[in-house]
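All of the numbers you see were taken from the coordinates with simple rules; none came from a lab. Given the structure is predicted, the values throughout are model-derived calculations rather than measurements. Note that we place each Cβ from the backbone using ideal geometry, even for glycine, and neighbour counts take in every protein chain shown.
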Amino acid sequence: MSIIINDVTKKFGEQKALDNVSLSIKKGEIVALLGPNGAGKSTMMKIITCYLPPTEGDVKVFGYDVLSESLKVRRVVGYLPENNPLYPDMYVREYLEFIAGIHKLGRKSGERIKEMIYQTGLELEHHKKIGALSKGYRQRVGIAQALIHDPEVLILDEPTSGLDPNQLVEIRNLVRTVGKQKTVLLSTHIMQEVEAVCDRVVIINHGKIVADAPTRELQLLNLTSRIIKAEFDKTYDWQLLKNLSGVMEVQPENEKTVRIFINSNEDLRADIFHFAVKNQWVLLAMGYEDQSVEQVFRKLTFESK
Ligand code: ADP
Ligand code: MG
């Protein structure tokens, strides 16, 4: 296991930012920590990276304890903190040299900095001041500094927040590429990010884990309320579909398309087909609508309140 979080509680005064959280992350996994603001994502990441001690419980990274072996933990962990704090007056290369110095890379540092600049796509920017870079390039510098000592584990706290759509795609691709050789935990409140980058989703709300599943499985979760989308050749009296057993609700999407909400685990497509034939409706297309992670997320975080 790369990361083992064992019954961790973090209190700020009386408030529990993390409430008895346990989580294990395997070597090589790319895991999303998904949750609304204030859920406890950053707190969990600060504990894993030794920036905050847990109030109760223990955390191990590559077998090292975050409290008693924090120097070893810092050696195997790369961390991009929330809001990516950088020194705007430093030049990109100068800053990376500074970070390489902190990690005591010594003679290796020149080569390593060159590699990082190449890997994060900073070739055209490395001679500029950090303050002169766009937000997307600043994130690249943040990722480069997190990777410079070649850590096994990468902790990225909202790596794409505040980026424009193009930068967002670029940073996601970068995370996916570097993630091939690392264990990655990244936090986000953007669902598409999870679907685009991560193997597994851990959903956190009010300091508690409310779901933990492979991304694909999470989309299939909650099969009890599924949606079938059906298209007909013209407008009919859709409300009649409600007479079918297992149909909860019917909502027209436009003149010819309806969304049929199912509250049974049975496949109702055949029933809908026969119903259409019986009523002489011409059915042009029909299929299940994939529930987005967002829908599942809303449901889970709402229900856990
Ligand atoms: P997230 O990153 O998911 O938005 P955080 O981990 O930052 O959530 O915060 C979780 C909760 O803990 C919030 O209610 C926040 O106000 C509180 N919190 C975080 N850091 C501190 C702190 N240093 N002092 C007091 N409360 C804090
Ligand atoms: Mg946060």
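Here are some notes:
- Antiparallel bridge percentage (DSSP; both residues within the chain; nearest 5): 65
- Over 19 Å [Cα-Cα, region 225-289], rounded percent: 18
- Of the trypsin sites (Lys or Arg not before Pro) in region 1-64, those whose Cβ has at most 12 other Cβ within 10 Å and which sit in DSSP loop: Lys26, Lys27
- Cα-based helix-to-principal-axis angle, 109-119 vs the chain, degrees rounded to 10: 20
- Qualifying trypsin sites (Lys or Arg not before Pro) in region 97-150, where qualification requires a DSSP coil assignment and no more than 16 other C-beta atoms within 10 Å, comprise Lys104, Lys128.
- Whether region 1-86 is rounded, prolate or oblate, judged on the alpha carbon gyration tensor where a/c under 1.5 counts as rounded: rounded
- For Phe98, Phe275, the sequence from fewest to most other C-beta atoms within 10 Å is Phe98, Phe275.
- In region 136-202, the C-alpha radius of gyration followed by the widest Cα-Cα span (Dmax) gives 11.1, 30 angstrom.
- Gyration tensor (alpha-carbon) shape descriptor, the chain, a/c threshold 1.5: prolate
- Qualifying GluC sites (Glu not before Pro) for region 1-67 [loop in DSSP, other Cβ within 10 Å: at most 10]: Glu14
- Crossing angle, helix 269-278 versus the chain [Cα axis fit, 0-90 degrees, rounded to tens]: 30
- Here the sum of -39500 (n - 2.57) over DSSP H runs of 4 or more residues, divided by the residues of the chain, equals -9500 deg cm²/dmol at 222 nm, to the nearest 500.
- The fewest-to-most ranking of His149, His127, His206 by surrounding Cβ atoms within 10 Å reads His127, His206, His149.
- Ratio of Rg to Rh for region 157-305: 1.09 [Cα atoms; Kirkwood radius as inverse mean 1/r over pairs].
- Each of Leu218, Leu283, Leu240 has some number of other Cβ atoms within 10 Å of its Cβ, and from fewest to most they run Leu240, Leu283, Leu218.
- The value obtained for region 81-180, namely the Cα convex hull volume divided by the number of residues, is 92 Å³ per residue.
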